[in-house]
Amino acid sequence: MRHRHFFTLLELLVACFSMAVLLAALAVPVQGALRERERANEAAAETFRLRRAMDLVLDDLTGLLLPGGDLTGQFTGTKSETRDGRRDTLAFATNATGACVRVVYELSENSDDTLDWLRTATVNPLSTDDSATVETVLLAGVGSLEITYYDGTVWQDVWDSTGGLGLPQAVALSFTLDDGTENPPVRRLLVPVRIEPASAGQGGGGGRQ
């Protein structure tokens with residue numbers, strides 16, 4: 001009669017221990033791969049977020065309208081210094097969407113005590129209806145926003161088209177994102193300003209850039 005062989009308690013413990021060691025060894029590279037994948041996804045999402053915002057800014061500024069008309073208003077850039085960096089503001093008119101829109105760029109504090117880069121667009125500048133104004137968050141978690149203007153010779157920190165100054169030859173927007181580091185990298189968008197002949201319906205002096 002053949003005797004059956006049963007595992008002893010010691011053999012079972014050794015087998016369980018060996019399996020635990022093997023699983024622990026496999027867990028390290030798997031966890032590392034998952035972390036790398038998560039970082040790659042976050043980087044891709046951040047790149048997409050930045051590209052979408054910069055594309056909208058580029059469309060706005062390449063569609064600039066000459067200031068001074070009833071619809072277009074003035075092109076004004078103001079400088080604001082804070083302890084944490086610049087918080088500049090820019091107001092202008094654009095026809096990037098095919099119609100005259102007045103736009104304001106500014107940083108605004110949100111409920112999380114962080115800064116949002118806001119784009120406030122007035123679709124019909126002569127309307128008194130609040131529904132004609134649309135506020136969009138271009139970028140959340142912005143640390144600073146510095147806007148400068150090239151007059152053909154030097155870069156200026158402020159600009160005001162009142163008095164016939166017109167438009168600058170280029171606009172540079174430099175900003176940082178609040179990424180938790182002490183010195184976040186400065187990102188810069190440079191937009192040349194090109195004046196095209198005025199088109200009908202833009203209202204007193206509506207030339208497109």
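Regarding segment 93-110, can at least one residue be identified that is modelled with pLDDT of 95 or more, within 21 Å of TRP155 (Cα to Cα) and out of contact with any Lys or Arg (no Cβ under 8 Å at 6 or more places or on another chain)?
Checked against the condition, which is being modelled with pLDDT of 95 or more, within 21 Å of TRP155 (Cα to Cα) and out of contact with any Lys or Arg (no Cβ under 8 Å at 6 or more places or on another chain), segment 93-110 yields no hits at all.
From the list VAL154, VAL123, VAL134, exactly one residue is modelled with pLDDT of 95 or more, of a type outside the set (Phe, Trp, Tyr) and surrounded by fewer than 19 Cβ atoms within 10 Å (Cβ to Cβ). Which is it? Full working, then the answer.
Working: VAL123 fails: modelled with pLDDT of 95 or more; VAL134 fails: modelled with pLDDT of 95 or more.
Checking each option against the conditions leaves just VAL154.
Listed here are the residues, each with its yes/no results for (1) on the phi < 0 side of the Ramachandran plot; (2) modelled with pLDDT of 90 or more; (3) exposed (fewer than 12 other Cβ atoms within 10 Å of the Cβ).
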| position | (1), (2), (3) |
| --- | --- |
| VAL28 | yes, no, yes |
| ALA33 | yes, no, yes |
| GLU36 | yes, no, yes |
| ALA40 | yes, no, yes |
| ARG49 | yes, no, no |
| MET54 | yes, yes, no |
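Quick check, is GLY143 in a loop (DSSP other than H, G, I, E, B) and under 28 Å from THR47 (Cα atoms)? Working first, answer last.
Working: in a loop (DSSP other than H, G, I, E, B): no; under 28 Å from THR47 (Cα atoms): yes.
Answer is no for this residue.
Taking segment 59-87 as the search range and keeping residues that are touching a strand residue (DSSP E or B) at 6+ places or on another chain (Cβ under 6 Å) and of a type in the set (Lys, Arg), which one is surrounded by the most Cβ atoms within 10 Å (Cβ to Cβ)?
ARG87
Just to be sure I understand the filter: pairs with C-beta atoms under 9 Å, separated by 6 or more residues or on different chains, first member in segment 89-114 and more than 13 Å from GLY143 (Cα to Cα) and in contact (Cβ under 8 Å) with a residue 24 or more places away in the chain, second member part of a strand (DSSP E or B) and of a type in the set (Lys, Arg). Which pairs pass?
From segment 89-114, the pairs are PHE92/ARG102; ALA93/ARG102; THR94/ARG102; THR94/ARG208; ASN95/ARG208; VAL103/ARG119; TYR105/ARG119.
How many residues does segment 191-209 contain that are at pLDDT 90 or above and surrounded by 13 or more Cβ atoms within 10 Å (Cβ to Cβ)?
We begin by selecting, within segment 191-209, every residue at pLDDT 90 or above; these are 191-193.
Next, from what is left, pick out any that are surrounded by 13 or more Cβ atoms within 10 Å (Cβ to Cβ): 191, 193.
Number of matching residues: 2.
Taking ALA93 and the conditions (1) more than 18 Å from THR162 (Cβ to Cβ); (2) in contact with a Cys (Cβ under 7 Å, 6 or more places away or on another chain), which numbered condition does it fall short on, given that it satisfies the others?
Unmet for ALA93, out of (1) more than 18 Å from THR162 (Cβ to Cβ); (2) in contact with a Cys (Cβ under 7 Å, 6 or more places away or on another chain): (1).
The values are calculated or read from the model by the stated rules, or taken from the named source; none is laboratory data. Keep in mind that this is a model prediction, so the values were computed, not measured. Every residue, glycine as well, gets a Cβ built from its backbone with ideal geometry; the counts of neighbours run over all protein chains shown.
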